[in-house]
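The values are calculated or read from the model by the stated rules, or taken from the named source; none is laboratory data. This is a predicted model, so every value here is computed, not measured. Methodologically, a virtual Cβ is constructed for each residue, glycine included, from the backbone with ideal geometry; neighbour enumeration extends over all protein chains shown. With ligands, DNA and RNA removed, areas are computed over all heavy atoms of the protein, side chains included. Shrake-Rupley method; radii C 1.70, N 1.55, O 1.52, S 1.80 Å.
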Amino acid sequence: MPIAQPAPKVALEGIELRVLHLPLVSPFTTSFGTETVREVIVVRALTSDGDGWGEIVTQESPLYSSEYTQGAWDVALRFLIPALLDRHTLGPEDVAPVLEPFVGHRMSKAGLELAILDASLRSAGISLGAHLGAIRDRVPSGVSVGIQRDPSALVDSVRGYLDEGYVRIKIKIKPGRDIADTAAVRDAFGNIPLQVDANSAYTLADADTLAELDRFDLLLIEQPLQEDDLVDHASLAQRLRTPVCLDESIVSSKAAADALALGSASVINIKAGRVGGYLEAVSIHDLCRTAAVPVWCGGMLETGIGRAANAALAALPGFTLPGDVSASSRFYDRDIVTEPAVLEDGHVRVPTGPGLGVEIDPVALEDMTVAREVLRR
């Protein structure tokens with residue numbers, strides 16, 4: 001279901017970047033490290049028809065991906081933003097072609113595209129959900145639970161999220177913190193929807209350990225091997241009953257098509273930042289829907305900007321598994337939007353206002369800003 005009509009073009013007058021530091025409500029630990037403060041770049045597109053907002057979902061260090069905050073800041077200011085300003089009048093669909101000569105940096109490109117997309121749709125009075133093809137007014141909310149001190153602490157953490165109403169639990173795993181942790185959650189809570197996320201922490205040599213997870217009747221195991229190990233993922237998938245889902249490996253529609261052709265995955269996690277933008281995310285959704293492969297929307301600890309956009313994306317028909325579109329309070333005591341996402345009966349509402357459908361809290365934005373730069377025509 002491709003997007004029916006291109007969004008209106010806007011006259012781009014300038015782009016503002018801000019680095020924000022948002023304290024997390026609790027440390028978030030994965031196989032590649034622990035975060036206590038979320039460092040993120042917020043993008044503001046300044047147009048003759050009003051402003052639009054986006055979010056570059058890099059992290060402080062290049063651990064989840066090769067992209068990181070200062071690198072994204074540099075490439076955006078030195079190359080990407082000047083290229084967009086030179087074009088001046090453009091629509092969201094023009095952003096990717098304009099930026100294509102610059103290799104990689106998909107998260108930076110995605111944040112810039114989202115800001116222009118938001119400005120365009122706001123000017124036309126169209127919601128992002130309606131533009132992308134959303135068919136739901138709310139989406140089921142799963143929660144991602146980081147590695148805890150021990151299995152008992154993990155059970156306590158999961159119990160709290162289940163009490164809040166989350167409809168699916170995802171736990172992070174790594175070598176030495178996999179079987180016992182998963183067993184503890186399954187034993188404590190029975191047949192809840194449960195999946196695990198390895199964040200590329202294993203190799204094919206660990207196949208026997210990963211096969212032990214089969215007895216827990218998981219929804220899926222996410223990205224067990226390295227991001228470029230499509231062939232090894234295909235081999236692993238043949239040895240597991242648990243469905244293999246790819247995350248870091250899926251950087252484009254082409255990568256998704258290759259993974260499916262090789263049999264490397266039977267489920268795909270779509271993160272708009274990782275694939276270069278929400279328009280490319282829709283292309284991957286369409287590809288997987290045609291192939292009858294379920295997809296779900298991953299998260300990068302987004303602010304209310306990216307969280308609203310993810311809710312709109314997750315409302316498309318091919319998103320048949322609960323994603324990581326959690327309430328803002330899962331990570332932040334204070335968000336930068338005036339109406340943060342909240343959990344309602346296990347679901348998050350899809351904003352219906354123009355563009356992203358959320359408004360920025362200027363005081364919170366200013367309080368959390370640690371760097372700011374504006375480029376104008």
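Checked against (1) part of a loop (DSSP other than H, G, I, E, B); (2) touching a Cys at 6+ places or on another chain (Cβ under 9 Å); (3) free of Cβ contacts under 8 Å to residues at least 40 places away in the same chain, ASN310 passes all but condition (1).
Take the conditions (1) open to solvent by less than 10 Å² (accessible area, probe 1.4 Å); (2) within 30 Å of GLN5 (Cβ to Cβ); (3) not acidic (Asp, Glu); THR69 misses just one of them, which is (2). I'm checking my understanding of the structure. Among residues of the stretch 42-63 that are out of contact with any Gly (no Cβ under 6 Å at 6 or more places or on another chain) and under 18 Å from ARG307 (Cβ atoms), which one is surrounded by the most Cβ atoms within 10 Å (Cβ to Cβ)? Among those residues, the one meeting the criterion is TRP53.
Considering the stretch 274-330, and only residues there that are under 22 Å from ASN199 (Cβ atoms) and among the basic types (Lys, Arg), the residue that is surrounded by the fewest Cβ atoms within 10 Å (Cβ to Cβ) turns out to be ARG330. Which residues, taken from the stretch 345-377, are touching a residue at least 12 places away in the same chain (Cβ under 8 Å), farther than 30 Å from VAL139 by Cβ and outside any strand (DSSP E or B)? Once the filter is applied, which keeps residues that are touching a residue at least 12 places away in the same chain (Cβ under 8 Å), farther than 30 Å from VAL139 by Cβ and outside any strand (DSSP E or B), the stretch 345-377 yields only ARG377.
Scanning for something open to solvent by 40 Å² or more (accessible area, probe 1.4 Å), of a type in the set (Val, Ile, Thr) and either touching a helix residue (DSSP H, G or I) at 6+ places or on another chain (Cβ under 9 Å) or modelled with pLDDT of 95 or more (or both), does the stretch 228-246 turn up at least one residue? Yes, the stretch 228-246 contains a residue that is open to solvent by 40 Å² or more (accessible area, probe 1.4 Å), of a type in the set (Val, Ile, Thr) and either touching a helix residue (DSSP H, G or I) at 6+ places or on another chain (Cβ under 9 Å) or modelled with pLDDT of 95 or more (or both). Of the strands (runs of 3 or more DSSP E) lying entirely inside the stretch 1-76, those carrying at least 3 residues that are of a type in the set (Val, Ile, Thr) are 10-30, 33-47.
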